[in-house]
Each structure stands twice: as structure tokens, then as C-alpha cells.
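A.B. asks: Starting off with a structure, shown below.
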Amino acid sequence: MVAAADAQNYAQKLGITHGLVVQELGWDEDVDDDLRADVEESIGSDLVDEDSDEVVDVVLLWWRDGDGDLVDALMDAIGPLADEGFVWVLTPKTGHPGHVEPSEIAESAPTAGLTQTSAISLGTWAGSRLVQPKAPSKQR
């Protein structure tokens, strides 16, 4: 039951807590169902799908090599994002089908108006946390 014990840490590692609205983009057969289940258990509700028009606190973007233009996907992801919200780009780790080079995320984030703040390991997936930069305070 090691996998189940590890799964309990996914939402915590992602900074996802009870009551947050979490949208999932890029779902496919290869996503980590343990991660999804842990997030749903932590927030106390289902993940919001890409057709929702709700304002969301967190976006989980499953992304693989060959999925298209990451900048476009990030622009779509930040549309419904709350001001203090954040995006997790989840990519297959090195050696797994669909692996995305970290440099692709690092280069795409600023173009989409986001800043990368951290990277974590989530089983066979890697997560990159992206946030919207804080608006500079207006000084006169």
C-alpha cells in the first residue's frame, strides 16, 4: 500500500486544501488517478472540467509533448483563474512517453504572463507551479 500512502501527499504537495475550486485541463487515459482522487478528497468536491465558467483557485494542466502550443494552453488556463490562483503544469517525467523538457515550461510561462515558482515530483509526473505576477503597487 505504498502507492496509497504516497497519494495522500499529492494535494498537500500541490498546496490544494479543502474548499478550493480546482479545474482540470488536458485529461487523458494516462493521467494519475491517485493524484486526481486525492485532490478531490482534499477539496471536498469534484474537479471542474474545461467547459465550466466558474472562477477557479487552481488549474491542473496535464501536458505532454505533442499536445500543441503550451503558451496557448496556459492562456486558456488563466482565463478563469482567480487573482491569487495558480496553475500546475503536470508533465510525464523523463523517460516516460510524452516527456516535456523543463525549458519548454520555463520559456512558455513568461510569454503567457506567468512566473514559475516551484517544481515537484508526483509519482511518474512532474509538476511546475505557475502564478500570475503581483500587480506592482502604484507609487506617486
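The values are calculated or read from the model by the stated rules, or taken from the named source; none is laboratory data. Quantities reported herein were computed from a predicted structural model and do not represent experimental measurements. As a convention, Cβ positions derive from the backbone with ideal geometry for all residues, glycine included, and neighbour counts pool all protein chains shown. Heavy atoms of the whole protein, side chains included, go into the accessibility calculation; ligands, DNA and RNA do not. Shrake-Rupley method; radii C 1.70, N 1.55, O 1.52, S 1.80 Å.
A.B. asks: Charges at C-beta only: +1 for Lys and Arg, -1 for Asp and Glu. How large is the resulting dipole of the stretch 16-140 about its Cα centre, in Debye rounded to 20? Intermediate values should be presented prior to the final figure.
C.D. replies: Numbers: 7 positive and 27 negative charges, 209 e Å.
The dipole magnitude comes to about 1000 debye.
A.B. asks: Length gain on complete extension for the stretch residue 49 to residue 124, per 0.36 nm per residue less the alpha carbon to alpha carbon distance? Don't skip to the end; give the middle numbers.
C.D. replies: On the way: separation 75, 0.36 × 75 = 27.00 nm, distance 2.26 nm.
Between residue 49 and residue 124, full extension yields an extra 24.7 nm.
A.B. asks: While we're here: As a check on your grasp of the helix formula, calculate [θ] at 222 nm for the chain: sum -39500 (n - 2.57) over DSSP H runs of n ≥ 4, divide by the residue count, round to the nearest 500.
C.D. replies: Details: 5 runs with 41 residues, N = 140.
So the calculated ellipticity at 222 nm is -8000 deg cm²/dmol.
A.B. asks: Could you tell me what percent of the accessible area of the chain is made up of carbon and sulfur, with a 1.4 Å probe and every protein chain present?
C.D. replies: Working: 3830 of 7830 Å².
Of all accessible area on the chain, carbon and sulfur atoms account for 49 percent.
A.B. asks: Give the accessible area for residue 120 in Å² (nearest 10); use a 1.4 Å probe, count only protein heavy atoms, and leave out ligands, DNA and RNA.
C.D. replies: Roll a 1.4 Å probe over it and residue 120 shows about 40 Å².
A.B. asks: With unit charges on the beta carbon (Lys/Arg positive, Asp/Glu negative), name the residue among 15, 85, 62 whose Cα is farthest towards the positive pole of the charge dipole of the stretch 1-88.
C.D. replies: 15
A.B. asks: Plugging the Kirkwood radius over Cα pairs into Stokes-Einstein for the stretch 60-140, at a temperature of 37 °C and a viscosity of 0.692 mPa s, what D comes out in µm²/s? Please report the intermediate quantities before stating the final value.
C.D. replies: Working: Rh = 13.2 Å.
The Stokes-Einstein estimate is 249 µm²/s.
A.B. asks: Hey, another quick one. In whole Å and largest first, what semi-axes does the C-alpha gyration tensor of the chain yield when each eigenvalue is scaled by 5 and square-rooted?
C.D. replies: Details: eigenvalues 109, 71, 40 Å².
Equivalent-ellipsoid dimensions as semi-axes: 23, 19, 14 Å.
A.B. asks: Using alpha-carbon pairs under 8 Å, 6+ residues apart, how would you state the relative contact order of the chain in percent? Walk me through the intermediate numbers first.
C.D. replies: Working: 218 pairs, mean separation 28.5, N = 140.
Value for the chain: 20 percent.
A.B. asks: Solvent-accessible area per residue for the stretch 63-140 at a 1.4 Å probe radius, Å²? Don't jump to the answer; show the numbers that get you there.
C.D. replies: Values: 4390 Å² over 78 residues.
Roughly 56 Å² per residue, with all protein chains present.
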